[in-house]
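For reference, the structure is listed below as structure tokens.
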Amino acid sequence: SNRPCLLCSLRLFQKFDNFRILVCGGDGSVGWVLSEIDKLSLHKQASCQLGVLPLGTGNDLARVLGWGGSCDDDTQLPQILEKLERASTKMLDR
């Protein structure tokens, strides 16, 4: 299972006040990571930001946030990462 690996990785962020996480996947992956962030109370830290690289099948969240429904051209990855770096923050109510 990938769950213990994700929790171990996310625990590293407990040492930082400000951090960003890029989820590469679809709505299910984003939901999973957000749930694990909640379990560790990382969302209560000063600045916990989550970006979405839409690689899943649904990608409704990425669409709503204006990132489109899919990222299927890996040659565009540097431009996408630059766009993510400059992106504005949106609050989510879960």
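The values are calculated or read from the model by the stated rules, or taken from the named source; none is laboratory data. None of the values given here were measured: they were computed from a predicted structure. Quick reminder, even Gly has a Cβ in these numbers, built from the backbone with ideal geometry, and neighbours come from all protein chains shown. Heads up: the accessible areas ignore ligands, DNA and RNA and are worked out on the full protein's heavy atoms, side chains in. Shrake-Rupley method; radii C 1.70, N 1.55, O 1.52, S 1.80 Å.
Anything in region 13-35 that is of a type in the set (Lys, Arg) and over 22 Å from residue 82 (Cβ atoms)? List them, or say none.
Going through region 13-35, the residues of a type in the set (Lys, Arg) turn out to be 15, 20.
Within region 13-35, 15 is the sole residue that qualifies.
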Single residue of region 73-91 satisfying the filter (without any contact (Cβ under 8 Å) to a residue 12 or more places away in the chain and part of a loop (DSSP other than H, G, I, E, B)) that is most open to solvent (accessible area, probe 1.4 Å): 91
Given the conditions (1) hydrophobic (A, V, I, L, M, F, W, C); (2) open to solvent by less than 50 Å² (accessible area, probe 1.4 Å); (3) in a loop (DSSP other than H, G, I, E, B), and given that residue 67 satisfies all but one, which numbered condition is not satisfied? (2)
Which condition from (1) acidic (Asp, Glu); (2) open to solvent by 90 Å² or more (accessible area, probe 1.4 Å); (3) part of a helix (DSSP H, G or I) is the one that residue 38 breaks? (2)
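Residues checked against (1) under 19 Å from residue 77 (Cβ atoms); (2) in contact (Cβ under 8 Å) with a residue 60 or more places away in the chain; (3) surrounded by 11 or more Cβ atoms within 10 Å (Cβ to Cβ):
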{"residue": "7", "(1), (2), (3)": "no, no, yes"}
{"residue": "10", "(1), (2), (3)": "no, no, yes"}
{"residue": "18", "(1), (2), (3)": "no, no, no"}
{"residue": "28", "(1), (2), (3)": "no, no, yes"}
{"residue": "42", "(1), (2), (3)": "no, no, yes"}
{"residue": "50", "(1), (2), (3)": "yes, no, yes"}
{"residue": "55", "(1), (2), (3)": "yes, no, yes"}
{"residue": "60", "(1), (2), (3)": "no, no, yes"}
Could you list, in sequence order, all residues of region 46-61 that are assigned to a helix (DSSP H, G or I) and within 25 Å of residue 16 (Cβ to Cβ)? 61
Kindly indicate whether any position in region 67-79 is within 27 Å of residue 14 (Cβ to Cβ), at pLDDT 80 or above and not basic (Lys, Arg). no
